[in-house]
Number of protein chains: 2
Amino acid sequence: MTVINPRRGPRRRHVLEGLAAGAVLVPSARATEAPPAIPSWMQAQGADVNAHPYGQPAAFEAEVVRERMKSRTLTAGASFTPLQHLHGTITPNGLFYERDHGGVPTIGPAAYRLLVDGMVDRPMIFTLSDLKRLPAVSARHFMECSGNSGTEWTKPTGRTVQETHGLLSCSEWTGTKLEIVLGIAGVKPGAGWCVAEGGDAAALDRSIPLEHALKIGAMLAYAQNGEALRPEQGYPVRLVLPGFEGNTNIKWLRHLELRRGPAMSKEETAYYTELLPDGKAEQFNFVMRAKSVITYPSGSQKLDGTGFYEISGLAWSGSGRIKAVDVSVDGGKTWQPATLQGPIEPICLTRFRLPWRWNGGSAVLQSRAVDETGYVQPTLKSLVGQYGLHAHYHNNAIQSWQVETSGDVINVHA
Amino acid sequence: MTVINPRRGPRRRHVLEGLAAGAVLVPSARATEAPPAIPSWMQAQGADVNAHPYGQPAAFEAEVVRERMKSRTLTAGASFTPLQHLHGTITPNGLFYERDHGGVPTIGPAAYRLLVDGMVDRPMIFTLSDLKRLPAVSARHFMECSGNSGTEWTKPTGRTVQETHGLLSCSEWTGTKLEIVLGIAGVKPGAGWCVAEGGDAAALDRSIPLEHALKIGAMLAYAQNGEALRPEQGYPVRLVLPGFEGNTNIKWLRHLELRRGPAMSKEETAYYTELLPDGKAEQFNFVMRAKSVITYPSGSQKLDGTGFYEISGLAWSGSGRIKAVDVSVDGGKTWQPATLQGPIEPICLTRFRLPWRWNGGSAVLQSRAVDETGYVQPTLKSLVGQYGLHAHYHNNAIQSWQVETSGDVINVHA
């Protein structure tokens, strides 16, 4: 910022008097400039809003897009949310991460059907209108792929927080509760699991423990951030299991089958299991553990000179509310409590912030989340000690970003 | 929904056993059908997500768009949010209402400047990078044009809730607090007002009472629902004054001038004042009073047969949290308390819901909000008694929707 001195013309001066946080912004090397003349964009009528009855981002934000994982097929893969460019906690629908196993099916709302059968009193078929006519609830919840940060187990791989943590997003979801739909069909005694199947080319199916799913408020969602689900999020209906790994939140939901036990489907045997050091695999590891990451400054960003910065990031837990986030700027030697942006909601992204003065030296930035159960986000070393080097899913380790003396920020294991 | 009887083939049966709300869905006239065969969209790979690095709504949702007010010029007017199609409380950025007085200026982030001068110790110019480097806050707040429902003063005019109440939206905003920017410039004793000017062709300016603005947490916002502001929302920076009439939340914010008194600009003298019965005008009527509206069922919708419906709508107040919403289905003779969807946040849209059984007769649906100050949303009759028939802004009267025996819903004054 530039201080204008009417007598001597503009000169540089940077202060942050009155800043409640007590941080102080010091002079940067920015050139001085005169007060602005009437800019060209005020001298003519602006653009016509009619051109966009459904609005679009500014052209200047063209780089703020999802990044697609390289995949063996054109129509199966994953798209990562650009967390380094986002603020607050809501993910705009156009940037919500997605993982698809057979591309995105095109399902007309009139053609949609949900079959509920198996151990029920009344096998039933619901149309979309049927589901929308039932009582609704809304809730804000994060969703995270359990493969998020899987590339970071053995060495720092992602260049940006989009690449290391971008299989994470957060929405306000609206739909009808699973318990209402199951209440209509009538669940038979002994039915302990519900197999949910998607209407995509992969017919992706997962077995859901019924009691646990009802306890967390499982929802058949048809809306996200106010509007209809996006096609890649399961239009017209997806299962939302707050806090469960993303893969279980079945999209394009087509079938709920009530059973005594799980189906042992491909996605819960060949995939989405943890290979342990003894060669056995941990299965049905549903709940996403507490985790956090600094989004600014983060990988591939560059600090513009020494002085005041606000470190900012996201924390979340599949087990409830975030209780605290501690931040270290010295690779974990010392920690300071960050400020949490309220309201803090259960199973929802929580934004944390900490004022920091960069002195120009090398620094390693880390964040560590604690959730309301008292669970503390582990170091990578501790996680590797528990799961070994062949695990892939559920990497919730503390992330380290190294600020180099040049101001460049890089992904490191520290 | 259809009950499947494996012995006798599908037959119709509708129940809502186990529904916690106690409401019961009765049979509708929907035709029976067989369990779904494998649909065509599961028999081939789906669409490629790569086509949309910034995602778009489903093609089937093409009617869910903003509606543009007819205007005398192509590039000044207003666009209304389709509240009848929305769920929950967040408005997706592509559907956020807008009012523009000179079209939408195209302002590059590098070219953006904010001048802070007048009664300050240090007149200053801020770049966008300067503002983003300051401490940030996030908060969810509604925004409403004080002209919202202005067409409804004397007779029911809007056909839909989009037309009657669509100059209303709600976002999570992120930015730096006005008090931080003013703290840097240093406010001189005696400065009681801040004139905010937009960088559009209209150079729209409004005078803001300083103490009041700081008390409500006035913000210089650069992000909305996580991403950068949309062009028509003031990209790259707008003023956000929680609870104040929309017009004061200056977009494309260019200039803050600290003064002893207000500027008496066009927008606070010729417009945005209330013409009272005695010919005088009420000025600086900043705070949006408590208001609510039923969005389902609402104007131009049609009920599909008798039986269970969930009445749903939105309530909000510029003075704080919504405390209660009462709903009437008999034109205000009797009222029932609606369920409020939590968490209830201050100066934020609050979704309310009430189970209802339609018996097929004519019914007049109304909602009435009460905020935490105890203020009760008035009837139109009471509002007209206070302001007469020549007022236009700040119509927060109770809205009536009449359900006809055909199931059609129309806008009435009741």
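Quick check on region B:99-282: of the DSSP beta bridges with both residues there, what percent are antiparallel, nearest 5%?
90 percent
If you take the C-alpha gyration tensor of region B:178-281, multiply each eigenvalue by 5 and take the square root, what semi-axes do you get, largest first, in whole Å?
23, 19, 13
Give the average, rounded to an integer, of partner chain Cβ atoms located within 10 angstrom of each Cβ in A:134-146.
Mean inter-chain Cβ contacts per residue within 10 Å come to 4.
For a footprinting-style exposure proxy, rank A:Tyr387, A:Tyr296 by other Cβ within 10 Å, fewest first.
A:Tyr387, A:Tyr296
Just the number: Rg to Rh for chain B, Cα atoms, Kirkwood Rh, two decimals.
Using only Cα positions, Rg/Rh for chain B is 1.03.
Please compare each pair in A:Lys132/A:Lys251; A:Lys188/A:Lys251; A:Lys251/B:Lys302 to a cut-off of 21 Å on the Cα-Cα distance and tell me which ones are over it.
A:Lys188/A:Lys251; A:Lys251/B:Lys302
Sorting A:His390, A:His165 on the 10 Å Cβ count, fewest up front, what's the list?
Sorted ascending by nearby Cβ count, the order is A:His390, A:His165.
In region B:219-280, what is the volume of the convex hull around the alpha carbon atoms, normalised per residue and reported in Å³?
It is 122 Å³ per residue.
Restricting things to Cα coordinates, could you compute the convex hull volume per residue of the protein assembly as shown in Å³?
Dividing the Cα hull volume of the protein assembly as shown by its residue count gives 158 Å³.
Give the separation of the Cα centroids, region A:212-269 to region B:219-292, in Å.
Between the Cα centres of region A:212-269 and region B:219-292 lies a distance of 42 Å.
Would you mind pulling out the separation of the Cα centroids of region B:39-113 and region A:82-155, in Å?
21 Å
At A:Trp335, with labels set 7 Å past Cα in the Cβ direction, how many nm apart are the copies from this one, shortest first?
Shortest to longest, the spacings are 5.0 nm.
What is the minimum Cβ-to-axis distance for chain A, in whole Å, where the axis maps A onto B, and to which residue does it belong?
A:Pro343, 3
Could you pull the copy-to-copy label distances for A:Ile410, with points set 7 Å along Cα to Cβ, in nm to one decimal and sorted shortest first?
7.3
What ranking do A:Val327, A:Val240, A:Val412 get, fewest neighbouring Cβ atoms within 10 angstrom at the top?
With the fewest neighbours first, A:Val327, A:Val240, A:Val412 line up as A:Val412, A:Val327, A:Val240.
Within chain A, what is the longest stretch that has no trypsin sites (Lys or Arg not before Pro) placed in a DSSP loop and near at most 16 other beta-carbon atoms within 10 Å?
A:160-259
Students often forget the sequence filter, so: which lysines lie under 22 Å Cα-Cα from B:Lys333 once same-chain residues fewer than 8 apart are removed?
Answer for B:Lys333, where 22 Å is the Cα cut-off: B:Lys155, B:Lys291, B:Lys323, B:Lys381, listed by chain and number.
If I histogram all Cα-Cα distances within region A:99-277 using bins 5 Å wide from 0, what percent of pairs lands in each bin?
1, 8, 16, 21, 21, 16, 9, 4, 2, 1, 0
What does the copy distance list look like for A:Gln43, label position 7 Å along Cα→Cβ, in nm and ordered from shortest?
Taking the point 7 Å beyond Cα along Cα→Cβ, the inter-copy spacings are 6.3 nm.
Using only the alpha-carbon atoms of region A:247-362 as identical scatterers, what base-10 log of I(q)/I(0) does the Debye formula give at q = 0.10, 0.15, 0.17, 0.21 Å⁻¹?
-0.52, -0.87, -0.96, -1.15
Separation of region A:344-414 and region B:344-414 by C-alpha centroid, Å?
So the separation of the two Cα centres works out to 49 Å.
Shielding of B:172-183 by partners, i.e. mean partner chain Cβ atoms within 10 Å per residue?
Going residue by residue through B:172-183 and averaging, the value is 4.
Using a Cα-Cα cut-off of under 17 Å, which aspartates and glutamates could be cross-linked to A:Lys280, ignoring same-chain neighbours fewer than 8 residues away?
Result set, ordered by chain and number: A:Glu267, A:Glu268.
Where a number appears in this text, it was derived from the coordinates with a stated rule and is not lab data. These figures come from a predicted structure and were not determined experimentally. Backbone-built Cβ (ideal geometry, glycine too); neighbour counts: all protein chains shown.
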